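See structure below.
The values are calculated or read from the model by the stated rules, or taken from the named source; none is laboratory data. The structure presented is a predicted model; accordingly, all values stated were derived computationally and were not measured. Virtual Cβ from ideal backbone geometry, glycine too; neighbours counted across all protein chains shown. What goes into the accessible areas is simple: the full protein's heavy atoms, side chains included, and nothing from ligands, DNA or RNA. Shrake-Rupley method; radii C 1.70, N 1.55, O 1.52, S 1.80 Å.
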Amino acid sequence: MRLVLKRLMPVIAVLGLVAGSAITAAGGSSSAPAWAANPRIDHAGDLVARVLGKTGTVSGSSGTGLSGSSCKAETSTTGNVQVNCVGEDGTSPQNTQSETSVSASGSKVVVGFNDSLVCCRPGINFTGYSVSNDGGATFTDEGDLPFLNTVQPIGDPTVAHDDQGNFYFASIALSSTGFGDESLVSFYKMAAGSNSFQLVSVPVNVGDSKRFFADKEYLAVGRDGNGQTHFYITWTFFSANPQSPIMLTDSTDGVSWRTTMVSAPTACAQASNPVPAAGTGTVYVSWEEQTPAACANAHITTQFAKMATVDASSGTATVKAITTIAAINGGGDAIVACNNAADLREVIETAPGHDVRNFEMPTTTIDSNGVLYAAWNDRPSGVGGTNANATRIFFSFSTDGNVTWSAPQVISGRLNRNIMNDRFQPWITTDSSGVHAMWYERVAGNSEDQVRTDKADLSLATVNQGPRVVSGESQISSVTFPVVQTNPNQDPVIANCYMGDYNNIGSNGSRRFVTWGDNRNVVTTSSGVENQPDVFLQSY
């Protein structure tokens with residue numbers, strides 16, 4: 001194994017145009033990081049900010065070990081397939097497994113997730129995974145990614161596989177135990193026939209984690225125009241400035257990497273997603289970008305879903321075009337203060353204190369004919385409003401390689417006007433049978449609104465006809481479940497207003513695998529009886 005801990009000095013030089021005075025913005029060892037106030041950082045970023053700044057209630061423990069332990073996931077008594085091992089959590093209130101990523105090749109299914117159990121002292125290891133070798137019927141929770149003092153994974157899981165049966169994992173990371181010196185993105189491989197990930201390299205090192213932070217990374221793997229396996233990782237660069245541009249880091253061997261700024265350097269962006277076009281040197285990168293007014297004011301939620309066309313076939317990756325997929329108004333019930341009075345977030349709120357922060361990340365994919373597809377959640381009239389303005393899932397496609405996009409259409413089901421019937425946190429994938437989508441739906445419960453997980457299937461686009469919904473919205477979680485107490489969060493490690501951020505759907509070519517964070521399990525912890533966030537899967 002070759003471990004590359006290469007500081008991306010050329011990247012920092014370019015980003016200096018954005019970072020401005022970030023080099024002098026960081027304070028002493030107990031001050032918050034320069035980027036901590038940016039409202040676009042995700043849960044892992046918030047966790048790092050609290051640990052580095054010695055603020056909040058992050059205490060934690062080493063749990064069962066810095067890399068967890070292997071444990072057979074229990075058989076669910078309520079339907080669907082349990083992915084993580086509930087028993088391993090014991091009575092700890094640090095029992096959150098969520099923010100899923102899934103990849104399937106043949107009968108092997110690998111699921112990554114955030115795992116609070118072994119976090120946070122003396123080290124932050126927050127990235128767990130589970131493996132199935134029987135087509136997703138049963139799983140073994142393999143604990144967390146390998147922990148090194150020099151590379152500690154801190155969440156944001158993303159899993160992918162190649163056409164040889166090897167699986168890959170990317171995670172954001174810190175470079176040292178406890179109070180990390182540098183912000184990283186780490187890269188792992190599970191060789192065909194193995195059930196364990198091993199560290200291969202560190203593709204991204206943006207330097208001092210008090211001044212800079214690499215966040216919200218996402219991984220894709222595909223054959224390029226030279227027939228080589230090509231790895232693509234997109235991520236968001238945070239600094240003291242409100243701007244947060246989107247970056248692409250790519251490699252043909254998983255060891256040597258190059259980094260390219262994809263968005264404009266002035267973009268207030270987040271939530272990127274790489275989509276390689278098979279057999280070419282082109283990769284499409286999507287993200288969510290706020291308007292300048294929204295960048296400066298959390299109460300303004302106007303933004304755009306965007307996509308860049310990047311030629312990664314030569315020695316220097318080149319951004320060929322940036323296109324707007326659609327305008328976005330804002331997909332939350334309300335804007336509330338989460339981790340502090342200034343941390344204002346859009347949320348889906350099923351009851352007071354039961355808040356799910358919600359952003360409008362476009363999930364994007366491509367079919368074998370090169371047609372691009374995008375889905376996202378939004379409200380026609382923006383944040384708030386009556387039940388008629390509930391959040392729903394929008395969909396668009398491009399048949400000309402990100403030159404133009406179709407008018408957005410709603411693909412989620414008919415609204416129930418008796419409640420705020422929100423649909424949120426979607427994900428899509430394609431295979432030969434069509435476009436497949438999943439999302440959360442908010443439904444009525446006895447004492448408070450519940451959440452369920454839904455799916456829908458669409459046909460692929462043809463020359464003469466766009467995709468059509470062929471299998472309408474249907475429930476895929478066997479039971480509904482509540483949003484747990486999130487504001488403040490019942491888990492002392494987890495950011496306030498956090499539930500999932502995103503879920504996932506993948507295909508092995510003939511079967512779809514849907515994964516999501518699910519709060520159905522009721523457990524007794526040292527803090528009392530509570531619904532515990534776990535990971536569930538359903539294939540179809």
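Do we find that residue 86 is closer than 15 Å to residue 523 by Cβ, in contact with a strand residue (DSSP E or B) (Cβ under 8 Å, 6 or more places away or on another chain), hydrophobic (A, V, I, L, M, F, W, C) and open to solvent by 10 Å² or more (accessible area, probe 1.4 Å) in this structure?
yes
Tell me, which strands (runs of 3 or more DSSP E) wholly within the stretch 212-323 include 3 or more residues that are within 24 Å of residue 501 (Cβ to Cβ) and either open to solvent by less than 50 Å² (accessible area, probe 1.4 Å) or in contact (Cβ under 8 Å) with a residue 24 or more places away in the chain (or both)?
213-223, 229-238, 246-251, 268-276, 282-290, 303-311
Each row is one residue, and each column tells you yes or no for (1) closer than 19 Å to residue 453 by Cβ; (2) surrounded by 20 or more Cβ atoms within 10 Å (Cβ to Cβ).
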site	(1), (2)
369	no, no
372	no, yes
377	yes, yes
381	no, no
394	yes, yes
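Looking at (1) more than 21 Å from the chain's Cα centre (by Cα); (2) modelled with pLDDT of 95 or more, which one does residue 202 not meet, given that it meets all the others?
(1)
Within the stretch 58-86, restricting attention to residues that are closer than 22 Å to residue 147 by Cα and not in a loop (DSSP other than H, G, I, E, B), which residue is modelled with the highest pLDDT?
Of everything passing the filter in the stretch 58-86, 72 is modelled with the highest pLDDT.
Within the stretch 454-477, how many residues turn out to be open to solvent by 60 Å² or more (accessible area, probe 1.4 Å) and either of a type in the set (S, T, N, Q) or within 15 Å of residue 533 (Cβ to Cβ) (or both)?
4
Among 175, 194, which is the only one that is without any contact (Cβ under 8 Å) to a residue 24 or more places away in the chain and open to solvent by 10 Å² or more (accessible area, probe 1.4 Å)?
Result of the check over 175, 194: 194.
Count, please, the residues in the stretch 339-363 that happen to be among the hydroxyl-bearing types (Ser, Thr, Tyr) and either open to solvent by 10 Å² or more (accessible area, probe 1.4 Å) or assigned to a helix (DSSP H, G or I) (or both).
Final tally of qualifying residues: 1.
Of the conditions (1) farther than 21 Å from residue 49 by Cα; (2) within 16 Å of the chain's Cα centre (by Cα), residue 189 satisfies every one except a single condition; which number is it?
All conditions are met except number (2).
Residues that are touching a strand residue (DSSP E or B) at 6+ places or on another chain (Cβ under 6 Å), under 21 Å from residue 118 (Cα atoms) and part of a strand (DSSP E or B): does the stretch 470-482 have at least one?
So far as the stretch 470-482 goes, no, none of its residues is touching a strand residue (DSSP E or B) at 6+ places or on another chain (Cβ under 6 Å), under 21 Å from residue 118 (Cα atoms) and part of a strand (DSSP E or B).
Determine which member of the set 447, 412, 406 is among the small types (Gly, Ala, Ser), part of a loop (DSSP other than H, G, I, E, B), modelled with pLDDT under 95 and open to solvent by 10 Å² or more (accessible area, probe 1.4 Å).
447
Restricting attention to the stretch 121-153, and to residues there that are open to solvent by less than 10 Å² (accessible area, probe 1.4 Å) and outside any strand (DSSP E or B), which single residue is nearest to residue 189 (Cα to Cα)?
145
I'm told residue 331 meets every condition in (1) in a loop (DSSP other than H, G, I, E, B); (2) open to solvent by 20 Å² or more (accessible area, probe 1.4 Å) except one. Can you identify the failing condition by its number?
Residue 331 satisfies every listed condition except (2).
Test residue 491 against the stated conditions and say whether it is at pLDDT below 95 and either in a loop (DSSP other than H, G, I, E, B) or touching a Leu at 6+ places or on another chain (Cβ under 9 Å) (or both).
The answer is no for residue 491.
Within the stretch 364-382, work out how many residues are part of a loop (DSSP other than H, G, I, E, B) and over 27 Å from residue 464 (Cα atoms).
4
List every residue pair whose Cβ atoms lie under 9 Å apart, where the two residues are 6 or more positions apart in sequence or sit on different chains, the first residue falls within the stretch 428-445 and is farther than 16 Å from residue 364 by Cα, and the second residue, located anywhere, is among the acidic types (Asp, Glu) and part of a strand (DSSP E or B).
433/457; 440/454; 441/454; 441/473
Take residue 348 and decide whether it is touching a residue at least 40 places away in the same chain (Cβ under 8 Å), closer than 25 Å to residue 518 by Cα and not small (Gly, Ala, Ser).
yes
Is it fair to say residue 433 is open to solvent by 10 Å² or more (accessible area, probe 1.4 Å), of a type outside the set (Phe, Trp, Tyr), at pLDDT 95 or above and more than 23 Å from residue 286 (Cα to Cα)?
yes
Restricting to the stretch 383-392, name every residue that is part of a loop (DSSP other than H, G, I, E, B) and surrounded by 23 or more Cβ atoms within 10 Å (Cβ to Cβ).
Those that are part of a loop (DSSP other than H, G, I, E, B) and surrounded by 23 or more Cβ atoms within 10 Å (Cβ to Cβ): 390, 391.
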